[in-house]
Structures are given as C-alpha cells and as structure tokens.
Amino acid sequence: QVLLVESGGGLVQPGGSLRLSCAASGSFFSMNAMAWYRQAPGKQRELVARISRGGSTNYAVSVNGRFTISSDNTKSTVYLEMNSLKCEDTAVYFCNAEAQRWRFSPNADYWGQGTQVTVSS
C-alpha cells in the first residue's frame, strides 16, 4: 500500500502564495509520477500539475506560469508552489501517485486525503 499525506493548505488572500507538500510512504517498487489535482465545490476533480520520475512536468492552462511542481525523489515527496493565487483557485487539493507495487505490476493510482486551499479577501 502507498500512503500519501498532504500538508500546507490554508487561507490566503488573492495574490498570495502557498506551498503544498505531499509525502509518500509504504511499500512500492517504483514511484513513476506524482501529481496534484483539485476539486472545487460542484465541479469535477481536475489535474493541476504532474511530474514524472524523470522530471517532466505538465500543468493545467489555468495555473501555468503561477504554479510550480517539484519533487524530491529521495524522499518520495512532491511539492506545489502556488503564487499569484486567485479566488478561483479555491478547492480541495489532492495528491496523486502513480506507483508500481512490485516489479512487474502495472501502475496504480493512489490518493491523499486532500487539503483545503481557500483564496479570499
């Protein structure tokens, strides 16, 4: 099993910054990618940013240039630096991991419990 624990959410004013962290633990053969998703009230969960084990990144258009995803592979930790936050960034942010439990097993998705980010004046 892979356990993901997020931290760093909170309340911030428009234009402010927050940094989210997600630490993975448990037993797995390979962590192949980690990502951040978010879900606002009444909306579907959407991909915010993703980073592969090799360091390739991709971002949602709405956050490109404002958010930065990074990882520390030695610690199996992923970060999301969020700058110039807008009210529309308000959502529950979920950490996601694509991991192989064993050498020949397929990738499986694992999810954290979510952390609330509220952008409001």
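The values are calculated or read from the model by the stated rules, or taken from the named source; none is laboratory data. Here the structure is a predicted model, which means the values were calculated and not measured. Please note: Cβ atoms are built from the backbone with ideal geometry, for glycine as well, and neighbour counts cover all protein chains shown. SASA here: full protein model, heavy atoms, side chains in, ligands and nucleic acids out. Shrake-Rupley method; radii C 1.70, N 1.55, O 1.52, S 1.80 Å.
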Rank these by accessible area, largest first, 1.4 Å probe: ARG45, ARG19, ARG50. ARG19, ARG45, ARG50
Do any chymotrypsin sites (Phe, Trp or Tyr not before Pro) in segment 14-121 lie in a DSSP loop with no more than 16 other beta carbon atoms within 10 Å, and if so, which? PHE29, TRP102, PHE104
Quote the accessible area belonging to SER121 in square angstrom, nearest 10, computed with a 1.4 Å probe and with ligands, DNA and RNA left uncounted. 130 Å²
Rounded to 5, percent antiparallel among DSSP beta bridges of segment 29-74: 90 percent
Quick one, what does Rg over Rh come out to for the chain if you take C-alpha atoms and the Kirkwood Rh? 0.98
Hey, any idea what % of segment 50-121's accessible area is carbon plus sulfur with a 1.4 Å probe? 48 percent
Here the gain from full extension of VAL61 to ASN73, 0.36 nm per residue of separation minus their alpha-carbon distance, amounts to 1.8 nm
Return the whole-Å distance between the Cα centroid of segment 1-61 and the Cα centroid of segment 87-120. 5 Å
Relative contact order for the chain: what percent, with Cα pairs under 8 Å and sequence separation of 6 or more? 37 percent
Heavy-atom accessible area per residue, the chain, 1.4 Å probe: how many Å²? 53 Å²
